[in-house]
Amino acid sequence: MQPYTELNLYHLALEEPWFSADPAPELAKARQQHPWLATSSYGPVVTHYPVVREIMSMEDKLRNAFDEMIERMGAKGTPWGDFQHNHILNQIGDEHKRLRDILAPAFTPRQANRHRDLMRQTISDLLDEWLPRGRFDFEEFISHYPIAVMCRMIGAPVDAIPNVRWALEALGMSGSRRMDLLDTMNQAVLTLERFSSDLVAEREKRWKPGDDDDLLDTLLEARHGGGMTHAGLINLLVFLFGAGYDTSKNVMTLIMHEMVRHPDIYERCAGDTAFCSKVADESMRFHGPVNGARLLTADIIHRDVLFPSGTTIWFPKSVIGQDPVTADDAGSFNPDRDVRQPHLGFGYGSHICLGQFIARAQIAEGLSLIAQRMKKPTSPGPEGWRPFLGVWGIKGLPIEYDTA
Ligand code: HEM
């Protein structure tokens with residue numbers, strides 16, 4: 001048995017823009033030096049798909065690393081620090097279960113299917129508005145889609161989105177650990193808290209027990225039943241607006257990046273939501289949007305390597321699906337493949353994404369209609385990439401298409 005600090009590991013430059021732009025080959029190089037572990041400025045990084053699952057399964061010995069991130073950023077007691085400390089992803093045990101139980105009934109596959117008409121209507125309205133332009137930034141276009149669906153699900157006014165979009169963008173950078181963004185992220189949290197408080201105050205004027213038109217009614221039921229404080233409710237709403245915004249936006253932009261390189265696959269997406277779901281799964285295996293960490297709350301010895309309590313271990317879930325063990329020819333994009341390991345794009349374990357059925361439905365419905373109406377898209381490629389840590393993805397994807 002050897003402490004991980006004594007191993008000769010490949011260094012992954014997670015914080016560098018060139019790394020963000022093409023991380024998979026770096027992980028492959030790291031695996032040549034050690035079969036499943038690399039190092040970085042932020043702690044050890046697991047580079048092998050089965051080991052990500054093995055370590056993430058040890059839930060009694062680890063927790064999400066938000067407190068470590070707040071500490072590192074010197075953000076304790078700030079609006080952003082308090083938000084990160086209190087949200088559902090940072091909870092464990094009974095408190096986590098309590099919050100998940102409140103939300104779970106609104107996030108079943110059946111509930112997600114109920115929103116399909118709303119999704120189709122939303123993307124259709126957006127296409128009506130944007131397609132006549134002939135060219136646009138796909139990332140910007142698609143950013144309006146998940147948040148409009150989310151607002152309608154929660155019962156928030158969709159016309160308020162332009163005012164809070166900057167705040168959602170800023171909040172989406174939370175995992176990047178960039179100190180220079182702290183002021184903006186604090187302002188973003190305050191803005192979204194105000195937005196959510198106004199929403200609750202407005203609804204409470206007419207709310208009565210038993211109302212169940214949307215998610216806000218469900219949350220108010222929990223609030224008035226004594227299951228949640230006012231601050232807890234606002235925190236949850238801000239989390240949900242964030243969770244439903246840039247993850248889906250980034251997945252759909254990554255999918256479109258792949259589609260312009262595979263026009264034959266894109267054409268098959270038109271009107272075929274079942275095939276679009278396969279494209280989405282393959283895309284999330286190939287490059288998902290989330291890279292996360294766990295903080296060890298006890299020593300672990302895994303595959304003969306010791307990680308002491310207090311170590312932050314990183315899981316590059318976004319591109320771990322390109323590890324050769326996940327599929328034959330794992331480095332190629334092929335939605336028709338029969339066998340692939342389940343992707344980790346929605347996480348793994350007790351915190352697995354609650355919104356995954358909504359996200360899946362949203363992506364399939366969106367892609368199917370986009371492919372039906374936006375013909376022969378081309379792109380010179382991404383203008384840039386978001387920081388690798390946290391929510392990763394493309395920053396700016398110009399596209400042109402046939403308007404005929
Ligand atoms: C493609 C879109 C999405 C992706 C890739 C995604 C990804 C993730 C991931 C990776 C986690 C787990 C993080 C961890 O374990 O540290 C997570 C948790 C969560 N997501 Fe999503 N998400 C998406 C969309 C959504 C949507 C639309 C909602 C809600 C409307 C949502 C709500 C949540 C919630 C509430 C949690 C916390 C679960 C818990 O702590 O028990 N997500 N998501």
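Below are the figures for this structure:
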| quantity | calculated |
| --- | --- |
| Mean Cα-pair separation over length for the stretch 170-254, i.e. relative contact order, pairs under 8 Å, 6 or more apart, % | 30 percent |
| The stretch 277-404 - Rg (one decimal) and Dmax (whole number), Cα, Å | 17.8, 62 |
| Orientation-averaged projected area, Cα convex hull of the stretch 335-384 (nm²) | 5.9 nm² |
| Other-chain or far-sequence residues with amide H under 5 Å of residue 39's (modelled H) | 10, 11, 12, 45 |
| Most fluctuating residue given options 210, 242, 384, as computed from a GNM of the chain linking Cα atoms under 10 Å | 210 |
| Amide H partners (placed H, <5 Å) of residue 306, local residues excluded | 2, 4 |
| Table column - 3J(HN,Hα) (Hz), the stretch 3-12, Karplus curve with 6.51, -1.76, 1.60, x for Gly and Pro | x, 4, 5, 8, 7, 8, 10, 6, 8, 9 |
| Where trypsin sites (Lys or Arg not before Pro) fall in DSSP loop in the stretch 59-121, at most 16 other Cβ within 10 Å | 76 |
| Net charge, residue 294 excluded, C-beta distance under 13 Å - Lys, Arg +1, Asp, Glu -1 | -1 |
| Stokes-Einstein diffusion coefficient of the stretch 1-114, Kirkwood radius over Cα pairs, 37 °C, 0.692 mPa s, in µm²/s | 191 µm²/s |
| Derived scalar couplings ³J(HN,Hα) [the stretch 310-316; Karplus, 6.51 cos²θ - 1.76 cosθ + 1.60; whole Hz; x for Gly, Pro] | x, 6, 9, 9, 9, 10, x |
| Reciprocal mean inverse distance between Cα atoms of the stretch 268-309 - Kirkwood radius, Å | 13.7 Å |
| The chain, dipole about Cα centre (Lys/Arg Cβ +1, Asp/Glu Cβ -1), debye to the nearest 20 | 280 debye |
| Förster radius 25 Å - calculated FRET efficiency between residue 190 and residue 137 (Cβ-Cβ, nearest 0.05) | 0.35 |
| Whether the stretch 66-167 is rounded, prolate or oblate, judged on the alpha carbon gyration tensor where a/c under 1.5 counts as rounded | oblate |
| Amide proton proximity set for residue 385, modelled H, under 5 Å, gap of 5+ | 395 |
| Kyte-Doolittle mean at least 1.0 and Cα axial length at least 18 Å: DSSP H helices in the chain | 230-243 |
| CD proxy at 222 nm, helix term only [per DSSP H run n ≥ 4: -39500 (n - 2.57); per residue of the chain; nearest 500] | -15500 deg cm²/dmol |
| Spatial extent of the chain: Rg and Dmax, with the Cα atoms as the point set, Å | 21.0, 65 |
| Proxy reagent accessibility, fewest Cβ within 10 Å first, across 197, 20, 57 | 57, 197, 20 |
| Net charge contributed by nearby residues that have their C-beta within less than 10 Å of residue 211 (K/R +1, D/E -1) | -2 |
| Anisotropy class of the stretch 305-372 from Cα gyration tensor, a/c 1.5 cut | oblate |
| The chain, relative contact order [Cα under 8 Å, separation at least 6], % | 26 percent |
| Shape category assigned to the stretch 356-404 from the gyration tensor of Cα positions, a/c cut at 1.5 | oblate |
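Rule-based calculations on the coordinates, nothing more; no lab input. Note that the coordinates shown come from a computational prediction; the quantities given were computed from them, not determined experimentally. All Cβ positions, even for glycine, are placed from backbone atoms using ideal geometry, and neighbour counts span all protein chains on display.
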